[in-house]
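My questions will all concern the structure given below.
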Amino acid sequence: MSHGPGKDRRGRGQPRPFFCATLWPPGASKTDVSHPSSFAIDLPAGLVQRAQRGEASAFEQIYRRFERPVFTLALRLTGQREEAQDVLQDTMLKLFDRIGEFRAEAPFWGWLRQIAVNESLMRLRKRNRQPATEDADEAELEGHDVMLPPAAADAALLGQALAKLPDATRSVLWLYHAEGYTHDEIAGLMGKTASFSKSQLARGTRRLRDLLRIDSEVHSHA
């Protein structure tokens, strides 16, 4: 049973069901909604400490392990491959410069993901394309359905549909569903309100559902 916006009880880093099919690693059960973010990578013992001591080989290993998750996150938030590549480079440069600040009080992957999210959202703010804050209509959100049609399991169709959404809407959808951020956390990241996040989620999910149905029908008749 799905919880409505603002009622989700999963912890951050645990994706909601409708994006899971496109994120699942081979062999994982698509019904296990507790599978963590694609950033949740276990690193060999001592690897971060070696990087903090300046070992180039340790940085190279970290880069190789997180290159794809960082690029995918940046692509979903910015909607542009060129910008996603820039975000990847900037994120890794910041990692190189700031790894000494990391303290093992939280997972390394969560710390790195936060850098990637901030870099992506900073680029969106520079575009000046985020809409003004919109408060959610509680009647609109009540009973809101986050389930999508089977086409959501097709990564290509999902990517095409996401690319057609406004920047802010796409960002909220991905941060909430794929990365497990709460509405309050998304609001803090985007400088908006929790109501803004909820309204973008509700309207964006409806729009994404429609786009997936259209793209699925076109694809099936191609």
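Every number here is computed from the coordinates shown, using simple stated rules; none is lab data. Computed from a prediction, not measured in an experiment: that's the story for all the values here. Here the Cβ is made from the backbone with ideal geometry for all residues, glycine too, and neighbour counts use every protein chain on show.
Using the structure shown, list the pairs from 126/192; 126/198; 94/192; 94/198 with a Cα-Cα distance above 21 Å, or answer none. Don't jump to the answer; show the numbers that get you there.
Values: 126/192 16 Å; 126/198 23 Å; 94/192 25 Å; 94/198 31 Å.
Flagged as over cut-off: 126/198; 94/192; 94/198.
Just subtract the alpha-carbon distance of residue 53 and residue 94 from 0.36 nm times their residue separation and send over the number in nm, one decimal.
Fully extending the segment from residue 53 to residue 94 adds 13.2 nm.
Also, quick follow-up: Using a Förster distance of 41 Å, how high is the FRET efficiency between residue 45 and residue 125, based on the Cβ-Cβ distance and rounded to 0.05? Walk me through the numbers on the way to the answer.
On the way: r = 38 Å, r/R0 = 0.93.
Computed FRET efficiency for residue 45 and residue 125 comes out at 0.60.
If you don't mind, another one. Taking R0 as 45 Å, what FRET efficiency do you get between residue 214 and residue 61 from their Cβ-Cβ distance, rounded to the nearest 0.05? Could you put the intermediate results ahead of the total?
Numbers: r = 43 Å, r/R0 = 0.95.
Efficiency at R0 = 45 Å is approximately 0.60.
Right, something else. Please order 185, 55 by the number of other Cβ within 10 Å, starting at the fewest.
Working: 185 17, 55 13.
Going from sparsest to densest Cβ surroundings: 55, 185.
Once fully extended, how much extra length lies between residue 80 and residue 102, figured as 0.36 nm per residue of separation less the alpha-carbon to alpha-carbon distance?
Details: separation 22, 0.36 × 22 = 7.92 nm, distance 2.94 nm.
So the chain would gain 5.0 nm between residue 80 and residue 102.
Moving to a separate point now. Round to a whole angstrom and tell me the spacing of the C-alpha centers of region 169-209 and region 105-119.
Between the Cα centre of region 169-209 and that of region 105-119, the gap is 18 Å.
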